[in-house]
Amino acid sequence: MIFHSKNIKSKNNEAETKFITYFEDSKLEDLNLSLDNELLSKIKFTLDSEGFKCKNGELQNINLFRNESPKNIILIGIGKKEDFNLDKLRKNIAKAVKEAASLKSKSIDINIGNLVSLMNLDEITRTISESAVMAEYKFDKYKSDKKAKILEQFTIIYNLEDELESIDKGINEGIILGQANLLARELVNEPANILSPIELAQQAKKAGDESGFEVEIFDEASIKALNMQAFLEVAKASANPPRLIVMRYNGNPIKKDEIVGLVGKGLTYDTGGLSIKTTAGMVTMKSDMGGAAAVIGAMTAITKLKAKVNVVAVVASCENMISGNSYRPGDIIGSMGGKTIEVLNTDAEGRLTLVDAVNYIIEKEHATKVVDIATLTGAVISALGTTTTGVVSNNDFFYSRLEQASKICDEKVWRLPAFDEYKELIKSDVADLKNIGGPKAGTITAGLFIGEFVGENPWLHLDIAGTSWSEKDSGYESKGATGEGARLLYHLIKQLEK
Ligand code: BES
Ligand code: ZN
Ligand code: ZN
């Protein structure tokens, strides 16, 4: 789909489908849509007769039964003006785009005249284009009868010439963020028989080449040379060798000592190891690299949109499998940072890979702030469901930046307590730490386990086990991977520009 912006005065290229956003208190005369009288009276008729109340989420298609464009108008209810926010716009546009696609429409336009007084122009156009990009996605690459994409053009109509710059800036940002989210979804949806650690590393390299960040890939021998003992323990039962993926982007050479480190969990499959999962628990475990997908997606947007921040992203990618060479419950293992770990459950593997990645990003890449993002615990789903990402942090200011980023993209976050008492739960009698904290506060103890390796650096831990996967299509989300984290991490990095 190609996006355009167009001044209301230019009459050429009418789209087949016209979107009109409608508030409960909107008056057609006030919308300044520059439509001819025939269309205006059709809309008026529909508003009077069809019981369209402009409630948030309501859609009304008006078929004009003619060959010239517009062929139909979709009225999009967005509720009361005072309750308006960007996420309502995002969800409603997605719904309308899906409706237009089901009507086999090739082109859409929307006049944003009645939205401009409510939000910044670039926010509005970013949200619309991001939503339209995300709404189109479906994971159908392995289906023989996949449907061709029908929508070709999306035009945003504006009223004043001096609005053009902000409008185009927003459109560009929205497309890139939408694509970053879809890249993350595509990586997560790819099954584990295709997406091995080697293939994930290649996909990261491809993303880096296309968007302009540097990618370095470490093979098993180099990982051994780095002494990443905990990571290697998890990886060693698999026939697919591990890879350490390092991505670098220097957006602020003046402050070259300030580096934000992003660490994504990259388990391309998690059987649970000898603490084996049930089939029902295992069947979606191709998604256990959702954190890796989020950081790769975020890096594409950070680079393409030239964020003024230095960012390094690291993924310690492997498979948690079973063989004669598996690590076992009861083993005591080392780690790159030197701490010893008693393994009490081989299914709590993510944290073992993450601590070495965190250690690497601080010691070797000199990250001064660390964010880790991981499909880490089932417990976060019990606590927060699939709506909200659970967060553990050691720094109020850093968390406040994440909250700000979360408001912009509506990827919801909630901070969990991290009192010292919880740290007692991961102390081992026979080693420095144990890899599970028992049945209580599982998300917090998993987070704090990683926190043991961040030192004094400001740190955010994002548990996306609930939010990275969706059981159904809804709004701009599709069944399967949600791409959670790609847009959120981009906006977090943007917050750190200031
Ligand atoms: N990858 C899982 C967490 C997960 C569960 C992600 C459900 C997505 C959906 C992780 O490696 C895991 O198995 N965690 C265990 C930890 C436990 C053994 C302490 C869990 O949550 O059960
Ligand atoms: Zn596991
Ligand atoms: Zn896992």
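The values are calculated or read from the model by the stated rules, or taken from the named source; none is laboratory data. Here the structure is a predicted model, which is why all the values come from computation and not from measurement. Glycine also receives a Cβ, built like all others from the backbone with ideal geometry; neighbour counts cover every protein chain displayed.
Listing for the model above:
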quantity	calculated
Criterion violated by residue 172 - all others in (1) surrounded by fewer than 18 Cβ atoms within 10 Å (Cβ to Cβ); (2) closer than 29 Å to residue 366 by Cα satisfied	(2)
Top-ranked residue in the range 334-378 [being over 18 Å from residue 425 (Cα atoms), more than 16 Å from ligand 1 (Cβ to nearest atom) and among the β-branched types (Val, Ile, Thr); ranked as surrounded by the fewest Cβ atoms within 10 Å (Cβ to Cβ)]	368
Residue check for residue 478: within 30 Å of residue 128 (Cβ to Cβ) and either within 13 Å of the chain's Cα centre (by Cα) or more than 16 Å from ligand 1 (Cβ to nearest atom) (or both)	yes
Near pairs, Cβ below 6 angstrom, 6+ apart or cross-chain, from the range 385-412 (touching a residue at least 60 places away in the same chain (Cβ under 8 Å)) to any residue that is hydroxyl-bearing (Ser, Thr, Tyr) and assigned to a helix (DSSP H, G or I)	390/443; 393/399
Which numbered condition residue 491 misses (of (1) surrounded by 20 or more Cβ atoms within 10 Å (Cβ to Cβ); (2) farther than 30 Å from residue 333 by Cα; (3) more than 15 Å from the chain's Cα centre (by Cα))	(3)
Among the candidates 74, 2, 62, 20, residue that is loosely packed, with under 11 Cβ neighbours inside 10 Å and under 36 Å from the mean Cα position of the chain (by Cα)	2
Search result, residues across the range 359-386 that are more than 16 Å from ligand 2 (Cβ to nearest atom) and within 23 Å of residue 275 (Cβ to Cβ)	383
Residues of the range 80-108 classified as assigned to a loop (DSSP other than H, G, I, E, B) and either surrounded by fewer than 20 Cβ atoms within 10 Å (Cβ to Cβ) or out of contact with any Lys or Arg (no Cβ under 9 Å at 6 or more places or on another chain) (or both), total	6
Some residue of the range 445-453 being over 19 Å from residue 181 (Cβ atoms), part of a loop (DSSP other than H, G, I, E, B) and out of contact with any Cys (no Cβ under 6 Å at 6 or more places or on another chain)	yes
Leading residue by the ranking (surrounded by the most Cβ atoms within 10 Å (Cβ to Cβ)) among those in the range 186-227 that are part of a helix (DSSP H, G or I) and charged (D, E, K, R)	186
Members of the range 317-333 that are farther than 19 Å from residue 218 by Cα and either surrounded by 24 or more Cβ atoms within 10 Å (Cβ to Cβ) or hydrophobic (A, V, I, L, M, F, W, C) (or both)	321, 322, 332, 333
Residues of the range 454-463 classified as part of a strand (DSSP E or B), more than 12 Å from residue 418 (Cα to Cα) and aliphatic (A, V, I, L, M), total	1
Residue under evaluation residue 303, criteria (1) in contact with a helix residue (DSSP H, G or I) (Cβ under 6 Å, 6 or more places away or on another chain); (2) more than 16 Å from ligand 3 (Cβ to nearest atom); (3) within 30 Å of residue 283 (Cα to Cα), criterion not met	(3)
Qualifying residue in the range 228-235 (condition: surrounded by fewer than 17 Cβ atoms within 10 Å (Cβ to Cβ) and either over 22 Å from the mean Cα position of the chain (by Cα) or farther than 18 Å from residue 487 by Cα (or both))	no
Condition broken by residue 289, with the remaining ones in (1) part of a strand (DSSP E or B); (2) within 13 Å of ligand 2 (Cβ to nearest atom) satisfied	(1)
Condition check for residue 449: in contact with a Lys or Arg (Cβ under 7 Å, 6 or more places away or on another chain), farther than 16 Å from residue 405 by Cα and buried (at least 20 other Cβ atoms within 10 Å of the Cβ)	yes
Qualifying position, being part of a loop (DSSP other than H, G, I, E, B) and among the hydroxyl-bearing types (Ser, Thr, Tyr), among 41, 69	69
Residues (more than 16 Å from ligand 2 (Cβ to nearest atom) and not in a loop (DSSP other than H, G, I, E, B)) located in the range 464-476	470, 474
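To keep it simple, each residue is scored yes or no on (1) in the same structural domain as residue 197 (by TED's automatic domain parsing); (2) within 16 Å of ligand 2 (Cβ to nearest atom); (3) surrounded by 24 or more Cβ atoms within 10 Å (Cβ to Cβ).
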| residue | (1), (2), (3) |
| --- | --- |
| 247 | yes, no, yes |
| 252 | yes, no, no |
| 258 | yes, no, no |
| 264 | yes, yes, yes |
| 268 | yes, yes, yes |
| 272 | yes, yes, no |
| 281 | yes, yes, no |
